[in-house]
2 protein chains.
Amino acid sequence: MSLSKNNLKLITSLQQKKYRQKQKLFVAEGIKVVKELLNSSLEISQIYTTDDSLEFINGIDFTKISENELKKISTLKKPNKVLGLFKIPEKSEEIINSNFILVLDEVNDPGNLGTIIRLCDWFGVTELVCSKNTVDCYNQKVVQSTMGSLTRVTISYVDLPSFLLSTTLPVYTADMNGDNVYTSKLPQKAILVMGNEANGISEEISEIVKHKLTIPRFGDIQQTESLNVATATAILLSEFKRVMI
Amino acid sequence: MSLSKNNLKLITSLQQKKYRQKQKLFVAEGIKVVKELLNSSLEISQIYTTDDSLEFINGIDFTKISENELKKISTLKKPNKVLGLFKIPEKSEEIINSNFILVLDEVNDPGNLGTIIRLCDWFGVTELVCSKNTVDCYNQKVVQSTMGSLTRVTISYVDLPSFLLSTTLPVYTADMNGDNVYTSKLPQKAILVMGNEANGISEEISEIVKHKLTIPRFGDIQQTESLNVATATAILLSEFKRVMI
């Protein structure tokens, strides 16, 4: 068995969002990530491997390929033995009425989204709601950087203003001129909205969000840059969750 | 004026640590980062720009180059008008006796180091001490991701075990089996040691560090991956500093 021309074309096409959406498939690579996804409820479409002695593909229908073939379909600098095509699960339109929801407004960087999905997983946030212009969670860089957390967080892409207007939970965001997060009384049931890397949340969203929180700076206030969106999310999720201890 | 062959060679050589150390120079790119560094105490070696109307290079001795020349010396996907060579400041061997010191034990990823330097700047941590095998802070990816914070944090590369053995400050680290950070009484004067992306802190260091802190997980304990080192650092710095409010 080896890699057909059609499959090579299919797999490389999945680097683009439009083909992922058309084929309802996404790519995951490397032993660690593929193994985690195989242990999840995701449906497998194809598994390609250069090493048929890998234990975790025992009993799975895989295709043995050469190192050279793997290089052709991999986006990693160092391809790592296995590449899987998985089916993108059907999304129910409805957002589960969670107690705590993290919302992203136009987060663009795949690495940041991946890190934020891992944070959700760590802090038990099972519901992540994204604006439609947030980077696709099946983007290969996101899949690789989530390290499997992807399967434990439900991610929806919605029209944010109407979602936020329809919720009954209190809505918070990070803002340079908000209340000090360390001295604010934070509720256990809430929505936290985090914004774009360069511009923060959009004006439209800012008008909807009632509660603004500031992470105080301790450095030189004149000069310090803002925090990266993933580290700010880490600190704020930690603040919302620490009250539960 | 334009770019000489020798300068082209010099600049591209600075992508490697050994040449940065030999020449005592590093590269910074793009309007935002170069502007910040020009406003710092760093000494300029050379400024190259495609746009001599940029206000912040007024009065500075620069070399006008073409878009094509900039492309040749840039490591950015989208070169952004200006590239500067700056002198690596001489390091005093001594570590200033700060109240709070962040220590990194073999952090390898330039993006993580950059994010951590920004965190130091935000939280007023002016002293960052790294093991000798931590990624070089003048690595171009680090310089780009610090967004200027690099000039406000003093970074030293030292023999970590002897540094930690010689300090009188209490030494903390992150550990899966430590005390709950949310319920621990944290001192204002302390050293926090963060470890390698894959392996955490080394065994040698672990034996020296007395106080181990855990960021509790709220997710599925069986499955959740560990936190990324930059997000864990964000949460722990926030915990050390929030007691000062």
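Here is how the numbers come out for the structure above:
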| read-out | value |
| --- | --- |
| Any hit, the range B:126-136, residues being over 23 Å from B:Ala198 (Cα atoms), more than 9 Å from chain A (Cβ to nearest Cβ) and not basic (Lys, Arg) | yes |
| Filter pass, B:Ile245 being within 12 Å of chain A (Cβ to nearest Cβ) and in a loop (DSSP other than H, G, I, E, B) | yes |
| Helices (runs of 4 or more DSSP H) (entirely within the range A:14-73) containing at least 2 residues that are in contact with a strand residue (DSSP E or B) (Cβ under 8 Å, 6 or more places away or on another chain) | A:31-38, A:67-73 |
| Of the criteria (1) crowded, with 18+ Cβ neighbours inside 10 Å; (2) within 22 Å of B:Ser149 (Cα to Cα), which one B:Thr49 fails | (2) |
| Any hit, the range A:181-202, residues being touching a residue at least 24 places away in the same chain (Cβ under 8 Å), assigned to a helix (DSSP H, G or I) and more than 10 Å from every other protein chain (Cβ to nearest Cβ) | no |
| Residues located in the range A:217-240, provided they are open to solvent by less than 30 Å² (accessible area, probe 1.4 Å) and at pLDDT below 95 | A:Gly219, A:Thr224, A:Leu227 |
| Selected residue [open to solvent by less than 40 Å² (accessible area, probe 1.4 Å), more than 21 Å from B:Thr151 (Cβ to Cβ) and at pLDDT 95 or above] from B:Leu25, B:Leu70 | B:Leu70 |
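Residues checked against (1) among the hydroxyl-bearing types (Ser, Thr, Tyr); (2) out of contact with any Phe, Trp or Tyr (no Cβ under 9 Å at 6 or more places or on another chain); (3) more than 14 Å from chain B (Cβ to nearest Cβ):
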residue: A:Pro170; (1), (2), (3): no, yes, yes
residue: A:Ala174; (1), (2), (3): no, yes, no
residue: A:Arg217; (1), (2), (3): no, no, no
residue: A:Asn228; (1), (2), (3): no, yes, no
residue: A:Ala232; (1), (2), (3): no, yes, no
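The values are calculated or read from the model by the stated rules, or taken from the named source; none is laboratory data. Source: prediction; values computed, not measured. FYI the Cβ positions are ideal-geometry reconstructions off the backbone, even for glycines, and counts take in every protein chain you see. Protein only, heavy atoms only, side chains kept; ligands, DNA and RNA dropped before computing areas. Shrake-Rupley method; radii C 1.70, N 1.55, O 1.52, S 1.80 Å.
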